[in-house]
1. Given 229, 258, which one is under 22 Å from residue 354 (Cα atoms), touching a residue at least 40 places away in the same chain (Cβ under 8 Å) and more than 16 Å from ligand 2 (Cβ to nearest atom)?
2. Residues of segment 103-125 being within 23 Å of the chain's Cα centre (by Cα), away from ligand 1 (no atom under 14 Å from the Cβ) and either outside any helix (DSSP H, G or I) or over 30 Å from residue 355 (Cα atoms) (or both), which ones?
3. Those residues that are over 19 Å from residue 215 (Cβ atoms), within 14 Å of ligand 1 (Cβ to nearest atom) and out of contact with any strand residue (DSSP E or B) (no Cβ under 6 Å at 6 or more places or on another chain), I need them from segment 270-289; list them, please.
4. Give me the pairs, please: first residue somewhere in segment 16-32 and on the phi > 0 side of the Ramachandran plot, second residue anywhere and at pLDDT 95 or above and surrounded by 14 or more Cβ atoms within 10 Å (Cβ to Cβ), beta-carbon distance under 7 Å, and either six or more positions apart or on two chains.
5. For residue 250, all conditions in the list (1) more than 16 Å from ligand 1 (Cβ to nearest atom); (2) touching a strand residue (DSSP E or B) at 6+ places or on another chain (Cβ under 8 Å); (3) part of a helix (DSSP H, G or I) hold save one; what is the number of the exception?
6. With in contact with a helix residue (DSSP H, G or I) (Cβ under 7 Å, 6 or more places away or on another chain) and either within 16 Å of ligand 2 (Cβ to nearest atom) or under 24 Å from residue 232 (Cβ atoms) (or both) as the only criterion, which of 289, 347 stands out?
7. Looking for whichever is away from ligand 1 (no atom under 16 Å from the Cβ), on the phi < 0 side of the Ramachandran plot and out of contact with any helix residue (DSSP H, G or I) (no Cβ under 7 Å at 6 or more places or on another chain) here; the options are 295, 339. Which one fits?
Ligand code: 17E
Ligand code: FE2
């Protein structure tokens with residue numbers, strides 16, 4: 001395949017991209033080759049695929065079953081999921097997850113990390129998602145997190161279920177320290193997360209401090225342990241919304257540890273805008289972690305959707321542009337350079353959190369995974385929330401969006 005007249009981020013002019021054997025062979029202003037499979041993108045921006053670093057694919061499309069979340073709180077969501085979870089079958093989980101992945105592909109996503117609830121004695125969702133992971137292997141990279149929704153130490157056999165799910169093939173060990181019964185359980189649960197990750201050589205992705213409680217300080221425990229064990233680059237803290245409520249002095253002390261530890265942070269802007277602030281009157285806290293401060297303090301941050309129509313969040317489309325849109329508003333990231341940089345939050349930074357290094361990027365010698373967006377540059381992409389026109393996976397077309405211009409009758 002020869003991609004002609006591409007624009008590349010942070011590069012001037014037009015580029016030709018020659019792909020051979022599923023790899024980027026040559027990327028240059030002019031390329032001599034006889035390939036007859038030509039895709040002329042007419043000056044549109046070519047990017048590495050979007051990364052979705054945090055979603056719960058086992059829960060998608062269950063909003064309203066058995067009831068809609070009326071309070072809009074995390075806690076009512078967990079209670080509703082507890083009921084819906086009783087009805088899970090492998091087929092139910094697989095068909096909903098597949099539906100979401102198809103939708104994500106239409107939005108240019110090719111790298112996904114999904115949490116999978118393992119506080120279920122039958123581990124139905126994990127069994128189903130491991131099959132999905134195999135089935136989609138040629139279409140998207142799918143990482144699975146063994147996620148103990150109801151707690152590791154606060155749920156009967158939580159620890160052994162977590163370990164069992166990891167043995168079955170999960171890629172990451174999860175946790176939920178802010179939801180454990182006590183602070184001590186929370187700290188102890190994180191120790192267990194590291195033990196299991198080390199024992200089975202897995203990455204770590206913990207739901208950490210997803211609560212509007214300035215006293216919820218498990219992130220420092222996660223980061224300190226990651227630092228001590230040298231596991232920071234393979235460790236992610238998801239949500240981290242309590243940081244919104246930390247006093248500034250403590251937050252700045254924490255930034256140093258986060259930077260030293262090299263852990264990654266995933267923020268979920270639409271989800272946590274919706275879930276947080278629910279116990280406030282006025283003013284209501286925004287409840288998103290400090291994306292801008294983290295970036296400015298050298299911490300790797302990325303953004304994620306978390307949900308598509310589940311007990312926690314009743315809408316969603318799988319489009320990462322919604323997250324950028326929400327994030328740049330809620331985190332005050334609309335300085336011109338900040339807007340351009342915000343594209344990293346759904347591309348490079350997510351890839352770094354997922355440890356994709358050698359497989360990610362529009363660079364010679366890497367797998368030819370890329371998207372073409374209906375915009376000339378990053379600013380237009382963000383301003384216009386432009387659609388993805390093509391998604392190419394290892395040199396093969398994965399998704400093509402018919403280009404329909406609106407007709408005006410003026
Ligand atoms: N579970 C949880 O603890 N938090 C969330 N935001 C979701 C599930 C979606
Ligand atoms: Fe989550």
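1. 258
2. Of segment 103-125, the ones within 23 Å of the chain's Cα centre (by Cα) are 103-119, 123-125.
Cutting the leftovers down to away from ligand 1 (no atom under 14 Å from the Cβ) gives us 103-112, 123-124.
107, 108, 109, 110, 111, 112, 123 - these are the residues of segment 103-125 that are within 23 Å of the chain's Cα centre (by Cα), away from ligand 1 (no atom under 14 Å from the Cβ) and either outside any helix (DSSP H, G or I) or over 30 Å from residue 355 (Cα atoms) (or both).
3. Hits for segment 270-289 are 270, 273.
4. Qualifying pairs under 7 Å: 22/367; 22/368; 22/394; 22/395.
5. (2)
6. Values: 347 fails: in contact with a helix residue (DSSP H, G or I) (Cβ under 7 Å, 6 or more places away or on another chain).
Answer to the check: 289.
7. On the way: 339 fails: out of contact with any helix residue (DSSP H, G or I) (no Cβ under 7 Å at 6 or more places or on another chain).
Checking each option against the conditions leaves just 295.
A quick yes/no check of all residues on (1) in a helix (DSSP H, G or I); (2) over 26 Å from the mean Cα position of the chain (by Cα):
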| residue | (1), (2) |
| --- | --- |
| 5 | no, yes |
| 16 | no, yes |
| 26 | no, yes |
| 34 | no, yes |
| 46 | no, no |
| 76 | yes, no |
| 80 | yes, no |
| 101 | yes, no |
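The values are calculated or read from the model by the stated rules, or taken from the named source; none is laboratory data. Here the structure is a predicted model, which is why all the values come from computation and not from measurement. Glycine also receives a Cβ, built like all others from the backbone with ideal geometry; neighbour counts cover every protein chain displayed.
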